[in-house]
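The values are calculated or read from the model by the stated rules, or taken from the named source; none is laboratory data. As the structure is a computational prediction, the values presented were derived from the model and not from experiment. Cβ placement follows ideal geometry from the backbone for every residue including glycine, while neighbour counts extend to all protein chains displayed.
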Amino acid sequence: MKINIENLGFSFNCKLCKNYYLKIAKQDTQENTLLVGFPSNGLVGTFSVSYLIHHLKMKQVGEIEIPDLPSTLFVEGGEILVPIRVYNKNNIFIIISDVPFNQYLAENFAVAVHKFCKKFAIKKIVIVSGMETASKEKKPPKIYGLVTHPILENTLYENQIPKFLDGSIFGTDAAIISVFRKTKIPALVLYAECHPFFPDPEASIVAIVTLAKILDVNVDTSDIQNKMDRLRIQHRNLMEETIRTLQQQQQEKQTRAPQIYR
């Protein structure tokens, strides 16, 4: 049955941030895990959550609109899509953005994500992002984890995820971390080593495999491996836009991040 979001959805304005609008279909099930992906280094977050959406055959159940975001629409298979969408299957929610955020919009987006979690009783949030690697050696990328609450330390240990120990973070993931470290909702950030200036499907595969372990779902990444070159070309324009946004964020902060920057 197709859900009519306009009829069954709800909308609200956040008291802390009035610059976004959320529409989502009502759900009867208990949702407890939220994945968040957005354009960052190597487009790791975008690749990873997009793959899970299609592989797990998740349904779009809502969308998030930020009024100050430039008007943008995407068309996929003849269907019109907004830039920031919400998907669901069983106990898993995904919020994906197909556009990068400047610092101002990143803060609004982070507040919207938190408001969403409170409304739908999310138990934990997992953010997927990319980390610029300093090594020029050709070797499989590694993935690191950062948690906002000690309760998720076991998740790192059980899935053999090394802890992210040193570096600077700013931009969208920093905005989300800043919000959730002050709440009771624990957040886990996965940083996959990647190329900062090109889409990096290899890093995305590492992130997808790690997510599958955390969520206890089965995935097959062979289709990604067979389409790496196509993915790089297909997302070239998004990567260029993301790089411009990252550079703008870096200039706004007027600081140099040694290993990681958003």
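Computed quantities for the displayed model
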{"quantity": "Close pairs (9 angstrom Cβ cut-off, 6 or more residues apart or separate chains): at positive phi in the range 69-97, outside any strand (DSSP E or B) anywhere", "calculated": "ASN90/THR29; ASN90/GLU31; ASN90/LEU56"}
{"quantity": "Those helices (runs of 4 or more DSSP H) lying entirely in the range 139-235 with at least 3 residues surrounded by 22 or more Cβ atoms within 10 Å (Cβ to Cβ) and in contact (Cβ under 8 Å) with a residue 24 or more places away in the chain", "calculated": "172-180, 201-215"}
{"quantity": "Selection count, the range 44-72, where residues are crowded, with 21+ Cβ neighbours inside 10 Å and of a type in the set (S, T, N, Q)", "calculated": "2"}
{"quantity": "GLY62 touching an Asp or Glu at 6+ places or on another chain (Cβ under 7 Å), among the small types (Gly, Ala, Ser) and either at pLDDT 80 or above or in a helix (DSSP H, G or I) (or both)", "calculated": "no"}
{"quantity": "Tally, over the range 126-138, of residues that are crowded, with 21+ Cβ neighbours inside 10 Å and either touching a Ser or Thr at 6+ places or on another chain (Cβ under 8 Å) or of a type in the set (Gly, Ala, Ser) (or both)", "calculated": "4"}
